[in-house]
1. How would you order 22-30, 96-104, 231-239, 195-203 from highest to lowest mean count of nearby Cβ atoms within 10 Å?
2. So how far, in whole Å, is the C-alpha centre of segment 216-241 from the one of segment 154-206?
3. Heads up, I need the accessible area for residue 116: 1.4 angstrom probe, whole protein in place, Å², nearest 10.
4. Taking the Cα centre of the chain as the origin and placing charges on Cβ (Lys, Arg +1; Asp, Glu -1), which of 12, 35, 169 is farthest toward the positive end of the dipole?
5. Need one value: the accessible area of residue 131 in square angstrom, 1.4 angstrom probe, rounded to the nearest 10.
6. Can you work out ³J(HN,Hα) from phi for every residue in segment 116-128, in order, using Karplus 6.51 cos²θ - 1.76 cosθ + 1.60 and θ = phi - 60°, giving whole Hz and x for Gly and Pro?
7. Largest first, how would 78, 178 line up by accessible area (1.4 Å probe)?
8. Per residue, what accessible area does the chain have, given a 1.4 Å probe and all protein chains present, in Å²?
Amino acid sequence: MPDAVPTSRTVAARAVDLHKTYGKQEAEVRALDGVSIDVYAGEFTAVMGPSGSGKSTLMHLLAALDTATSGTVFIGDTELSTLNDKQLTKLRRDDVGFVFQAFNLVPTLTAKENILLPLSIAGRKPDEAWYDEVIDTVGLRDRLDHRPNEMSGGQQQRVACARALVGRPTIVFADEPTGNLDSTSGAEVLKFLQHSVRELGQTIVMVTHDPVAASYTDRVVFLADGKVVDEMRDPRPDTILERMARIQVRALETVAPEGGAA
Ligand SMILES: Nc1ncnc2c1ncn2[C@@H]1O[C@H](COP(=O)(O)OP(=O)(O)O)[C@@H](O)[C@H]1O
Ligand SMILES: [Mg+2]
(Lines give C-alpha, C1' and ligand atoms only; values in the text may rest on other atoms or scores of the structure.)
(Ligands and ions follow the chains in the order given, each with its own letter.)
Protein backbone atom coordinates (compact mmCIF):
# COMPACT_ATOMS: atom_id res chain seq x y z
CA MET A 1 0.00 0.00 0.00
CA PRO A 2 1.29 3.54 -0.74
CA ASP A 3 -0.01 4.69 2.65
CA ALA A 4 2.91 3.38 4.72
CA VAL A 5 4.23 6.15 6.95
CA PRO A 6 7.93 6.82 6.51
CA THR A 7 9.65 5.96 9.78
CA SER A 8 12.85 7.98 9.44
CA ARG A 9 11.31 11.42 8.93
CA THR A 10 11.62 14.34 11.28
CA VAL A 11 8.33 15.33 12.87
CA ALA A 12 7.66 19.07 12.44
CA ALA A 13 4.40 19.08 14.42
CA ARG A 14 2.64 16.44 16.44
CA ALA A 15 -0.78 16.21 18.05
CA VAL A 16 -1.48 13.50 20.61
CA ASP A 17 -5.08 12.63 21.52
CA LEU A 18 -6.36 16.18 21.06
CA HIS A 19 -9.83 16.98 22.32
CA LYS A 20 -11.47 20.36 21.85
CA THR A 21 -14.93 21.07 23.19
CA TYR A 22 -16.85 24.29 22.63
CA GLY A 23 -19.82 25.33 24.76
CA LYS A 24 -21.27 23.61 27.82
CA GLN A 25 -23.70 20.77 28.56
CA GLU A 26 -26.54 20.55 26.00
CA ALA A 27 -24.82 23.15 23.81
CA GLU A 28 -21.54 21.22 23.90
CA VAL A 29 -19.78 20.67 20.55
CA ARG A 30 -16.91 18.21 20.30
CA ALA A 31 -14.90 19.85 17.54
CA LEU A 32 -11.98 17.42 18.04
CA ASP A 33 -12.57 14.03 19.58
CA GLY A 34 -9.18 12.40 20.05
CA VAL A 35 -6.99 13.50 17.11
CA SER A 36 -3.41 12.25 16.86
CA ILE A 37 -1.31 13.26 13.87
CA ASP A 38 2.35 13.58 12.95
CA VAL A 39 3.29 16.19 10.36
CA TYR A 40 6.62 15.40 8.72
CA ALA A 41 9.25 18.02 8.02
CA GLY A 42 9.71 18.91 4.37
CA GLU A 43 6.31 17.52 3.40
CA PHE A 44 3.18 19.12 2.01
CA THR A 45 0.27 17.67 3.99
CA ALA A 46 -3.41 18.20 3.23
CA VAL A 47 -6.20 17.96 5.80
CA MET A 48 -9.57 17.17 4.24
CA GLY A 49 -13.01 16.52 5.64
CA PRO A 50 -16.59 17.73 5.53
CA SER A 51 -17.57 21.16 6.82
CA GLY A 52 -17.59 21.09 10.62
CA SER A 53 -15.27 18.07 10.87
CA GLY A 54 -12.74 20.05 12.91
CA LYS A 55 -10.16 21.05 10.29
CA SER A 56 -9.84 24.70 11.30
CA THR A 57 -9.87 23.82 14.99
CA LEU A 58 -6.99 21.39 14.41
CA MET A 59 -5.01 24.04 12.47
CA HIS A 60 -5.51 26.60 15.24
CA LEU A 61 -4.37 24.17 17.94
CA LEU A 62 -1.32 23.02 15.94
CA ALA A 63 -0.39 26.66 15.24
CA ALA A 64 -0.67 27.61 18.93
CA LEU A 65 -3.46 30.08 18.15
CA ASP A 66 -5.80 28.29 20.57
CA THR A 67 -5.49 25.68 23.32
CA ALA A 68 -6.93 22.19 23.53
CA THR A 69 -9.41 20.93 26.11
CA SER A 70 -7.05 17.97 26.54
CA GLY A 71 -4.17 16.37 24.68
CA THR A 72 -0.73 17.64 23.68
CA VAL A 73 0.77 19.54 20.77
CA PHE A 74 4.42 19.68 19.78
CA ILE A 75 6.05 22.08 17.33
CA GLY A 76 9.39 20.47 16.63
CA ASP A 77 10.53 19.12 20.00
CA THR A 78 8.65 21.74 22.00
CA GLU A 79 5.49 20.77 23.85
CA LEU A 80 3.32 23.86 23.75
CA SER A 81 1.83 23.45 27.25
CA THR A 82 5.32 23.81 28.76
CA LEU A 83 5.67 27.36 27.39
CA ASN A 84 4.82 30.54 29.24
CA ASP A 85 3.05 33.41 27.47
CA LYS A 86 6.25 35.09 26.40
CA GLN A 87 7.67 31.86 24.97
CA LEU A 88 4.36 31.17 23.18
CA THR A 89 4.40 34.62 21.58
CA LYS A 90 7.94 34.01 20.39
CA LEU A 91 7.03 30.57 19.01
CA ARG A 92 4.00 31.98 17.14
CA ARG A 93 6.18 34.71 15.70
CA ASP A 94 9.29 32.73 14.78
CA ASP A 95 8.23 29.13 14.22
CA VAL A 96 4.75 29.26 12.74
CA GLY A 97 3.32 30.85 9.59
CA PHE A 98 -0.39 31.05 8.87
CA VAL A 99 -2.31 31.68 5.64
CA PHE A 100 -6.05 32.31 5.87
CA GLN A 101 -8.81 31.98 3.30
CA ALA A 102 -9.31 35.76 3.35
CA PHE A 103 -5.91 37.14 2.38
CA ASN A 104 -5.74 39.50 5.40
CA LEU A 105 -3.33 41.93 3.74
CA VAL A 106 -3.02 45.50 4.98
CA PRO A 107 -4.63 47.58 2.18
CA THR A 108 -2.47 50.69 2.68
CA LEU A 109 0.82 48.78 2.44
CA THR A 110 2.58 47.60 -0.71
CA ALA A 111 3.14 43.91 -1.43
CA LYS A 112 6.71 44.19 -0.16
CA GLU A 113 5.65 45.99 3.01
CA ASN A 114 2.96 43.37 3.65
CA ILE A 115 5.44 40.55 3.18
CA LEU A 116 7.94 42.12 5.59
CA LEU A 117 5.35 43.30 8.12
CA PRO A 118 5.68 40.39 10.62
CA LEU A 119 9.46 40.79 10.62
CA SER A 120 9.18 44.58 11.01
CA ILE A 121 6.86 44.12 13.99
CA ALA A 122 9.31 41.66 15.51
CA GLY A 123 12.18 44.08 14.86
CA ARG A 124 13.92 41.48 12.71
CA LYS A 125 15.70 41.95 9.42
CA PRO A 126 14.94 39.42 6.69
CA ASP A 127 17.61 36.95 5.64
CA GLU A 128 18.34 38.55 2.24
CA ALA A 129 19.09 35.33 0.36
CA TRP A 130 15.94 33.67 1.68
CA TYR A 131 13.83 36.77 0.97
CA ASP A 132 15.08 36.75 -2.64
CA GLU A 133 14.31 33.08 -2.98
CA VAL A 134 10.79 33.52 -1.63
CA ILE A 135 10.13 36.52 -3.91
CA ASP A 136 11.39 34.64 -6.96
CA THR A 137 9.37 31.57 -6.05
CA VAL A 138 6.25 33.63 -5.50
CA GLY A 139 6.87 35.29 -8.87
CA LEU A 140 5.92 38.80 -7.77
CA ARG A 141 9.15 40.72 -8.20
CA ASP A 142 7.53 43.18 -10.62
CA ARG A 143 4.54 43.71 -8.27
CA LEU A 144 6.37 44.48 -5.05
CA ASP A 145 5.36 48.17 -5.11
CA HIS A 146 1.69 47.43 -5.78
CA ARG A 147 -1.01 47.66 -3.14
CA PRO A 148 -3.47 44.80 -2.63
CA ASN A 149 -6.26 46.52 -4.62
CA GLU A 150 -3.92 46.67 -7.64
CA MET A 151 -3.42 42.90 -7.60
CA SER A 152 -5.56 39.92 -8.55
CA GLY A 153 -6.87 37.57 -5.86
CA GLY A 154 -4.24 34.99 -6.77
CA GLN A 155 -1.46 37.56 -6.51
CA GLN A 156 -2.78 38.77 -3.16
CA GLN A 157 -2.85 35.24 -1.80
CA ARG A 158 0.69 34.66 -3.05
CA VAL A 159 1.72 37.78 -1.13
CA ALA A 160 0.02 36.32 1.96
CA CYS A 161 1.93 33.04 1.41
CA ALA A 162 5.22 34.92 1.01
CA ARG A 163 4.46 36.77 4.26
CA ALA A 164 3.97 33.42 6.02
CA LEU A 165 7.22 32.03 4.59
CA VAL A 166 9.60 34.97 4.84
CA GLY A 167 10.50 34.45 8.49
CA ARG A 168 11.46 30.87 7.63
CA PRO A 169 9.12 29.25 10.14
CA THR A 170 9.35 25.60 11.15
CA ILE A 171 5.90 25.06 9.70
CA VAL A 172 3.25 26.93 7.71
CA PHE A 173 -0.48 26.31 8.14
CA ALA A 174 -2.87 27.31 5.36
CA ASP A 175 -6.62 27.09 6.01
CA GLU A 176 -8.44 26.84 2.65
CA PRO A 177 -5.96 29.22 0.96
CA THR A 178 -7.63 28.72 -2.43
CA GLY A 179 -11.19 28.87 -1.09
CA ASN A 180 -11.79 32.40 -2.43
CA LEU A 181 -9.94 31.96 -5.74
CA ASP A 182 -10.93 30.90 -9.24
CA SER A 183 -9.24 27.72 -10.44
CA THR A 184 -6.46 29.50 -12.38
CA SER A 185 -5.46 31.72 -9.43
CA GLY A 186 -5.88 28.74 -7.12
CA ALA A 187 -3.44 26.75 -9.23
CA GLU A 188 -0.86 29.60 -9.02
CA VAL A 189 -1.04 29.53 -5.24
CA LEU A 190 -0.91 25.73 -5.06
CA LYS A 191 2.10 25.57 -7.38
CA PHE A 192 3.85 28.13 -5.21
CA LEU A 193 3.12 26.18 -2.02
CA GLN A 194 4.25 22.94 -3.65
CA HIS A 195 7.44 24.58 -4.92
CA SER A 196 8.16 25.97 -1.43
CA VAL A 197 8.07 22.43 -0.10
CA ARG A 198 9.94 20.68 -2.91
CA GLU A 199 12.58 23.29 -3.70
CA LEU A 200 12.90 25.33 -0.50
CA GLY A 201 12.28 22.51 1.99
CA GLN A 202 9.34 24.20 3.75
CA THR A 203 6.84 22.19 5.77
CA ILE A 204 3.23 23.07 4.95
CA VAL A 205 -0.14 21.84 6.19
CA MET A 206 -3.11 22.90 4.10
CA VAL A 207 -6.81 22.51 4.77
CA THR A 208 -8.91 22.05 1.65
CA HIS A 209 -12.11 20.37 0.57
CA ASP A 210 -11.02 20.37 -3.08
CA PRO A 211 -9.54 17.05 -4.34
CA VAL A 212 -7.62 18.88 -7.08
CA ALA A 213 -6.01 21.21 -4.52
CA ALA A 214 -5.18 18.25 -2.28
CA SER A 215 -3.54 16.45 -5.21
CA TYR A 216 -0.69 19.01 -5.06
CA THR A 217 0.32 17.60 -1.67
CA ASP A 218 2.36 14.57 -0.60
CA ARG A 219 -0.14 13.19 1.86
CA VAL A 220 -3.79 13.65 2.74
CA VAL A 221 -5.21 13.18 6.23
CA PHE A 222 -8.99 12.80 6.34
CA LEU A 223 -11.05 14.10 9.27
CA ALA A 224 -14.68 13.29 10.05
CA ASP A 225 -16.59 14.24 13.20
CA GLY A 226 -13.43 15.41 14.96
CA LYS A 227 -11.48 12.21 14.31
CA VAL A 228 -8.79 11.15 11.85
CA VAL A 229 -10.54 8.50 9.78
CA ASP A 230 -8.07 7.80 6.98
CA GLU A 231 -4.95 8.98 5.19
CA MET A 232 -3.22 8.48 1.87
CA ARG A 233 0.13 9.25 0.25
CA ASP A 234 0.80 10.52 -3.28
CA PRO A 235 -2.82 11.53 -3.76
CA ARG A 236 -4.50 12.12 -7.11
CA PRO A 237 -7.91 13.77 -7.61
CA ASP A 238 -9.52 10.44 -8.58
CA THR A 239 -8.01 8.45 -5.70
CA ILE A 240 -9.00 11.20 -3.25
CA LEU A 241 -12.59 11.24 -4.54
CA GLU A 242 -12.79 7.47 -4.28
CA ARG A 243 -11.47 7.58 -0.69
CA MET A 244 -13.91 10.36 0.25
CA ALA A 245 -16.77 8.28 -1.14
CA ARG A 246 -15.63 5.27 0.88
CA ILE A 247 -15.47 7.37 4.08
CA GLN A 248 -18.99 8.64 3.39
CA VAL A 249 -20.33 5.10 2.87
CA ARG A 250 -18.67 3.96 6.09
CA ALA A 251 -20.32 6.87 7.95
CA LEU A 252 -23.73 5.91 6.54
CA GLU A 253 -23.19 2.28 7.55
CA THR A 254 -22.43 3.40 11.11
CA VAL A 255 -25.69 5.34 11.22
CA ALA A 256 -27.71 2.56 9.56
CA PRO A 257 -25.98 -0.80 10.16
CA GLU A 258 -28.93 -2.77 8.74
CA GLY A 259 -28.34 -1.22 5.34
CA GLY A 260 -31.25 1.18 5.80
CA ALA A 261 -29.33 4.05 4.20
CA ALA A 262 -29.42 2.80 0.63
N1 LIG B 1 -15.58 29.28 18.42
C2 LIG B 1 -16.48 28.27 18.35
N3 LIG B 1 -17.53 28.21 19.18
C4 LIG B 1 -18.43 27.20 19.11
N5 LIG B 1 -18.35 26.19 18.23
C6 LIG B 1 -17.33 26.20 17.35
C7 LIG B 1 -16.34 27.24 17.36
N8 LIG B 1 -15.45 26.99 16.38
C9 LIG B 1 -15.84 25.85 15.78
N10 LIG B 1 -16.97 25.37 16.36
C11 LIG B 1 -17.68 24.13 16.01
O12 LIG B 1 -16.75 23.06 16.05
C13 LIG B 1 -16.95 22.18 14.96
C14 LIG B 1 -15.70 22.11 14.10
O15 LIG B 1 -15.51 23.39 13.49
P16 LIG B 1 -14.28 23.71 12.52
O17 LIG B 1 -13.03 23.28 13.16
O18 LIG B 1 -14.42 25.12 12.11
O19 LIG B 1 -14.60 22.72 11.29
P20 LIG B 1 -14.15 22.80 9.75
O21 LIG B 1 -13.01 23.74 9.65
O22 LIG B 1 -13.78 21.38 9.40
O23 LIG B 1 -15.34 23.25 8.97
C24 LIG B 1 -18.18 22.70 14.20
O25 LIG B 1 -19.31 22.02 14.69
C26 LIG B 1 -18.21 24.16 14.58
O27 LIG B 1 -19.52 24.66 14.53
MG1 LIG C 1 -12.72 25.49 8.49
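The values are calculated or read from the model by the stated rules, or taken from the named source; none is laboratory data. Note that this is a predicted model, so its numbers are computed, not measured. Cβ placement follows ideal geometry from the backbone for every residue including glycine, while neighbour counts extend to all protein chains displayed. Just so you know, the surface numbers come from the protein's heavy atoms only, side chains and all, with ligands and any DNA or RNA stripped out. Shrake-Rupley method; radii C 1.70, N 1.55, O 1.52, S 1.80 Å.
1. Working: 22-30: 9.2, 96-104: 19.1, 231-239: 15.3, 195-203: 17.2.
Taking the mean over residues of other Cβ atoms within 10 Å, the ranking is 96-104, 195-203, 231-239, 22-30.
2. The two parts, judged by their Cα centres, are 19 Å apart.
3. The accessible area comes out at roughly 30 Å².
4. Farthest towards the positive pole: 169.
5. Ignoring ligands and nucleic acids, residue 131 comes out at about 20 Å².
6. Per residue, the Karplus-derived 3J(HN,Hα) values read 8, 4, x, 5, 4, 4, 7, x, 9, 9, x, 6, 4 Hz.
7. Numbers: 78 50, 178 20 Å².
Listed by decreasing accessible area, they come as 78, 178.
8. Details: 13070 Å² over 262 residues.
Solvent-accessible surface per residue comes out at 50 Å².
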